[in-house]
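Right, one structure below, let's go through it.
The values are calculated or read from the model by the stated rules, or taken from the named source; none is laboratory data. Predicted, not measured: the structure shown is a model, and the values here were computed from it. Heads up, the Cβs are rebuilt from the backbone with ideal geometry, glycines too, and the neighbour counts pull from every protein chain shown. Side chains included, ligands, DNA and RNA excluded: accessible areas come from the protein's heavy atoms. Shrake-Rupley method; radii C 1.70, N 1.55, O 1.52, S 1.80 Å.
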Amino acid sequence: MAEEVLLSNCPRDCYDGCGVQIEKRGDRLIVRGNPAHPVSRGSLCRKCTRAYNDSWQDPSQRLTRPLRRSGPKGSGRYEPVPWDDALADIAARLKDTLARYGGGAIMNAHYSGTLALTGFAFPMRFFHAIGADEADPDSICNAAGHAAWGYLFGESYSGFDPRTIRDTRCLLLWGANPAHAGPHVFEHWFAASPALKIVVDPLRSATAAAADIHLQPRPGSDAALAFALAHALRREGLFDEACISGHVLGADELEAQLDNCTPAWGERMTGVPAAAIEAAARAYGRGPSLLWAGQALSRQPAGGNAMRAVGMLAPLTGNLGKPGAGMYYLNFTPALAGLDLDWLTGSALLPRERTAVPWGRMADVMLGERYRMFFCWNTNPLVSAPQQRKLRTALAREDLFSVVIDCFHTDTAGLADYILPAASFLEEDDITFSYFNLLIGAQRKAREPLGEALPNAEIFRRLAAATGLHAPALHESQASLLATMCAQMGIEGGFEGLAAKGWTWMTEAPVTFWEDGRFPTPSGRVEIASASAAADGHPRLPQPLADPPPAAGCLRLLSPASDWRLNGSYANDPGLARRAGPATVHLAPTDAAARGLASGDLASLDNASGSLRLTVEVDTDVLPGTALVYKGRWPQCETAGGNINTLHDGSLADMGAGNPVHGIEVRVTAAMESHQTDR
Ligand SMILES: Nc1nc2c(c(=O)[nH]1)N[C@H]1C(S)=C(S)[C@@H](COP(=O)(O)OP(=O)(O)OC[C@H]3O[C@@H](n4cnc5c(=O)[nH]c(N)nc54)[C@H](O)[C@@H]3O)O[C@H]1N2
Ligand SMILES: Nc1nc2c(c(=O)[nH]1)N[C@H]1C(S)=C(S)[C@@H](COP(=O)(O)OP(=O)(O)OC[C@H]3O[C@@H](n4cnc5c(=O)[nH]c(N)nc54)[C@H](O)[C@@H]3O)O[C@H]1N2
Ligand SMILES: [Mo]
């Protein structure tokens with residue numbers, strides 16, 4: 001029998017942001033979906049259900065004690081040490097490094113392992129106070145899109161309110177696969193909607209398969225496709241002249257560019273039939289329509305240009321600022337909720353301008369001697385970052401003092417001097433936001449942390465004390481943080497009130513963003529023509545471009561979200577690893593046949609950055625000319641000793657130093673008999 005049932009929320013980096021119900025049975029927790037939550041409706045996805053009820057509660061799989069390296073780097077030899085000893089040693093090193101070289105010798109690498117507000121943001125107070133450099137967080141994920149929509153709309157964090165779908169007649173999902181990336185959003189929001197659905201994806205993803213119209217362009221031809229759609233929209237009289245004249249800058253300059261971008265031209269540029277382009281234009285243009293630009297749309301070499309080109313369809317057709325219409329990249333609206341993010345992250349503590357290194361440059365930068373200390377928390381770059389082999393070499397530098405904080409013994413942890421055990425979301429009170437639905441949730445502490453694990457925030461409070469940093473902001477208690485956040489957001493009854501209910505909407509009624517037609521751009525309009533972009537060295541307007549086809553014999557590699565993992569999280573869960581099967585490259589039948597490959601064969605994927613051997617699956621959902629490999633495998637769990645990012649050369653997208661993971665080219669051939677490893 002359950003002793004107590006708590007309502008909580010899942011803080012993973014996922015569109016869903018599920019409501020969770022936790023039954024306490026002594027130390028054992030039964031973790032399920034909250035039946036009364038609008039997203040999860042009583043169930044969690046299969047990967048989280050499995051992980052949260054298994055590896056996340058298993059002390060033999062979790063990190064439970066601070067560990068100090070006791071052998072050469074990479075030897076895997078560690079010994080447990082008391083927290084106080086570990087923190088004192090790290091603090092001594094830190095003080096010495098700060099005194100000799102300053103904060104610019106310390107790299108702070110972090111991302112979205114937990115998105116709960118204090119677990120995600122409070123440690124930044126510490127790094128601001130010591131003036132550390134930062135691994136540019138969004139440069140691993142979606143930075144090109146943020147830069148692009150920054151030029152176009154002035155910001156990229158106020159999309160549409162998903163509740164507005166009740167007024168929507170057409171849904172256009174472009175480079176997004178919520179069937180994997182947000183399974184509840186897919187089921188209850190997308191698939192359940194009576195709106196006409198258009199999906200733009202080179203892959204026949206599960207989301208594309210559920211659409212009324214699937215446009216299947218060659219990867220990286222999205223900007224050309226958007227221009228062809230715009231041409232068709234104009235010809236059909238579906239441009240919204242009032243919206244354009246009132247709220248858009250540069251539509252006149254666009255006119256001439258559009259003339260040549262006929263649907264027939266679009267077909268040649270993208271591979272999408274002209275008739276399908278016209279059908280999609282008619283459905284989208286009539287509206288009210290919602291445009292969801294997936295984070296994947298930005299993950300190509302010219303992802304910024306693609307995001308600008310696709311984003312302009314909304315203002316050109318007046319599909320924004322009214323019920324059922326709008327465009328979405330991400331929702332992160334602390335101001336709407338009332339939350340003071342600068343206070344939470346302590347940005348005023350930073351003594352100088354922020355220095356951020358893009359992840360594409362990280363391996364090269366860390367190979368040099370500039371950085372003497374490496375702090376890594378909430379992220380596992382030896383799974384997720386480019387130039388995997390070079391980064392491994394860099395992080396194995398004997399003179400680099402590194403501290404990795406995680407719930408699990410990751411590949412990145414395996415090169416640390418100190419590994420510190422992080423408490424999971426089941427073991428700490430916190431507050432969650434969703435980046436899709438405008439929800440605020442309580443994350444509940446359902447048990448004490450496993451072993452000696454500590455929440456992120458507490459680790460940095462203690463490290464601040466050990467380092468002799470006494471600014472009160474670095475020592476604010478969890479209770480005080482939660483109380484202040486709840487007060488800022490006007491949550492009735494404070495954290496206890498939120499915890500009793502589980503979750504609350506940020507606003508009672510659905511929000512219509514951009515209703516007043518004013519945008520935070522220099523002109524206050526949507527800037528299709530952007531002087532800011534030009535000043536940064538980009539074309540004033542988005543360009544009707546498509547990437548050139550891959551070099552002869554090469555395929556374009558796509559490495560999107562797996563159904564069985566959340567980024568790299570869960571790749572180490574034995575049950576989930578079994579279900580996911582061996583690391584596989586999916587090939588179109590023609591491409592497999594041309595290489596003499598059949599399902600079950602071993603293929604070698606090679607380029608200048610590395611090589612990787614994977615099992616072939618011949619897959620009719622894959623577009624000829626592309627190869628599909630799902631992201632997030634742990635090198636230490638693979639016979640190949642590496643994952644797909646061994647093939648990523650660290651090149652940057654056109655804007656925002658973004659990460660063009662879907663722009664890699666590889667040669668795929670039948671692998672020779674001997675199974676060499678990739679380390
Ligand atoms: N299960 C699961 N859920 C996740 C994650 C996970 O790893 N697993 N990761 C989370 C995170 S951090 C993020 S950022 C999101 C990412 O989720 P999404 O934004 O959906 O991004 P991806 O999974 O990279 O890719 C989505 C689709 O884009 C397509 N695509 C690739 N290249 C192109 C192109 O050039 N043009 C077009 N039009 N489409 C292209 C791919 O084929 C793929 O089907 O998901 C989140 N949710
Ligand atoms: N080839 C390719 N590479 C990609 C992508 C792709 O599509 N293709 N996608 C990119 C994208 S979108 C992203 S967002 C990145 C994601 O890359 P990462 O940020 O590396 O994501 P994860 O591998 O999930 O690593 C998060 C880590 O945080 C840990 N963690 C969870 N909760 C906590 C906590 O409370 N405290 C601490 N300290 N740790 C915790 C988890 O155990 C996990 O090891 O990968 C990028 N890399
Ligand atoms: Mo991401």
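About its Cα centre, what dipole magnitude does the chain give when the only charges are +1 on Lys and Arg Cβ and -1 on Asp and Glu Cβ, stated in debye to the nearest 20?
My answer is approximately 840 debye.
Given a Förster radius of 30 Å and the C-beta distance between S599 and A264 as r, what FRET efficiency does 1/(1 + (r/R0)^6) yield to the nearest 0.05?
Values: r = 37 Å, r/R0 = 1.23.
Calculated value: 0.25.
Kindly list the residues of the stretch 214-242 that lie in the label zone of K322, defined by a backbone N under 16 Å from the point 7 Å along the Cα-to-C-beta vector.
237-242
Just the number, please: percent antiparallel of the DSSP beta bridges in the stretch 327-483, rounded to the nearest 5.
Percentage antiparallel, nearest 5: 30.
Which listed residue (L382, G641, S477) has the Cα farthest towards the positive end of the charge dipole for the chain, taking +1 on Lys and Arg C-beta and -1 on Asp and Glu C-beta about the Cα centre?
Sorting the options by dipole projection puts first G641.
Take D58, D399 and sort them by solvent-accessible surface of the protein heavy atoms, 1.4 Å probe, largest at the top.
Largest to smallest exposure gives the sequence D399, D58.
Using every alpha carbon pair in the stretch 521-586, what percent of pairs falls into each 10 Å bin from 0 up to the bin containing the largest distance?
Binned Cα distances yield the sequence 15, 24, 16, 26, 18, 2.
Among bridges DSSP assigns within the stretch 523-635, what percent are antiparallel (round to 5)?
On the way: 9 of 16 bridges.
Once the DSSP bridges in the stretch 523-635 are tallied, antiparallel ones form about 55 percent.
Test of the criteria: in the stretch 1-39, which GluC sites (Glu not before Pro) are in a DSSP loop and have at most 15 other Cβ atoms within 10 angstrom of their Cβ?
Here the sparse-neighbourhood loop sites are E3.
Trypsin sites (Lys or Arg not before Pro) within the stretch 300-393: which are DSSP loop residues with at most 16 other Cβ atoms inside 10 Å?
Sparse-neighbourhood loop trypsin sites (Lys or Arg not before Pro): R352, R354, R370.
Return the distance in nm (one decimal) between the two label points of a simple spin-label model at E398 and H188, each offset 7 Å from Cα along Cα→Cβ.
Inter-label distance under the simple model: 5.6 nm.
At a Förster radius of 45 Å, what calculated FRET efficiency corresponds to the Cβ-Cβ distance of A92 and D27, to the nearest 0.05?
Plugging the Cβ-Cβ distance into 1/(1 + (r/R0)^6) gives 0.80.
Carbon and sulfur: what percent of the stretch 127-284's accessible surface (1.4 Å probe)?
51 percent
Between rounded, prolate and oblate, where does the stretch 558-604 land on the alpha carbon gyration tensor, with a ≥ b ≥ c its root eigenvalues, rounded for a/c under 1.5, else prolate if a/b exceeds b/c?
Prolate shape, in that a/c is at least 1.5 and a/b is the bigger ratio.
Cα gyration tensor of the stretch 494-629, axes a ≥ b ≥ c as square roots of the eigenvalues: rounded (a/c below 1.5), prolate (a/b > b/c) or oblate?
Oblate shape, in that a/c is at least 1.5 and b/c is the bigger or equal ratio.
Just the number please: accessible area per residue for the chain, 1.4 Å probe, all protein chains included, in Å².
Here the residues of the chain average 35 Å² of exposed surface.
Can you give the translational diffusion coefficient of the stretch 82-143 in µm²/s, computed by Stokes-Einstein from the Kirkwood radius over Cα pairs at 4 °C and 1.567 mPa s? Don't jump to the answer; show the numbers that get you there.
Values: Rh = 13.1 Å.
D = 99 µm²/s.
Calculate, in nm to one decimal, what A335 and A274 gain on full extension: separation in residues at 0.36 nm each, minus their alpha carbon distance. If you can, show how the numbers build up before the last one.
Numbers: separation 61, 0.36 × 61 = 21.96 nm, distance 4.29 nm.
Computed gain between A335 and A274 is 17.7 nm.
Which three numbers, in whole Å and largest first, are the semi-axes of the equivalent ellipsoid of the stretch 11-88 derived from its Cα gyration tensor as √(5λ)?
Semi-axes from the Cα gyration tensor: 35, 14, 12 Å.
Quick one: of the DSSP bridges fully inside the chain, what percent are antiparallel, nearest 5? Before the final figure, lay out the partial values.
Numbers: 42 of 86 bridges.
Around 50 percent antiparallel, to the nearest 5.
How many angstrom separate the Cα center of the stretch 595-651 from the Cα center of the stretch 470-521?
Answer, in whole Å: 43.
5 Å is the cut-off here: which amide hydrogens, built 1.01 Å from N in the peptide plane, fall below it relative to S402, excluding neighbours closer than 5 in sequence?
Hits under the 5 Å cutoff: F374, D417, Y418.
FRET efficiency for E3 and S480, Cβ-Cβ distance as r, R0 = 25 Å, nearest 0.05?
Values: r = 29 Å, r/R0 = 1.14.
According to the calculation, E is roughly 0.30.
Going 7 Å from the Cα of Q488 toward and past its Cβ, which residues in the stretch 338-354 have a backbone nitrogen under 14 Å from where you end up?
Under 14 Å, as judged by backbone N against the label point of Q488, lie 338-349 of the stretch 338-354.
Amide H of Q21 versus every other amide H placed in the peptide plane: which residues, excluding those fewer than 5 positions away on the same chain, fall under 5 Å?
Hits under the 5 Å cutoff: S8, R32, G33, N34.
Could you order D89, D136, D259 by accessible surface area, starting with the largest, using a probe radius of 1.4 Å?
Accessible-area ranking of D89, D136, D259, largest first: D259, D89, D136.
Provide the solvent-accessible area of K501, counting protein heavy atoms only and rolling a 1.4 Å probe, rounded to the nearest 10 Å².
120 Å²
Suppose the chain between R282 and A535 were pulled fully straight at 0.36 nm per residue; how much longer would it get relative to their current alpha carbon spacing?
Computed gain between R282 and A535 is 87.5 nm.
If I stretch the segment between A99 and R370 completely, what's the gain in nm (0.36 nm per residue apart, minus their alpha carbon distance), one decimal?
Stretched out fully, the A99 to R370 stretch lengthens by 96.1 nm.
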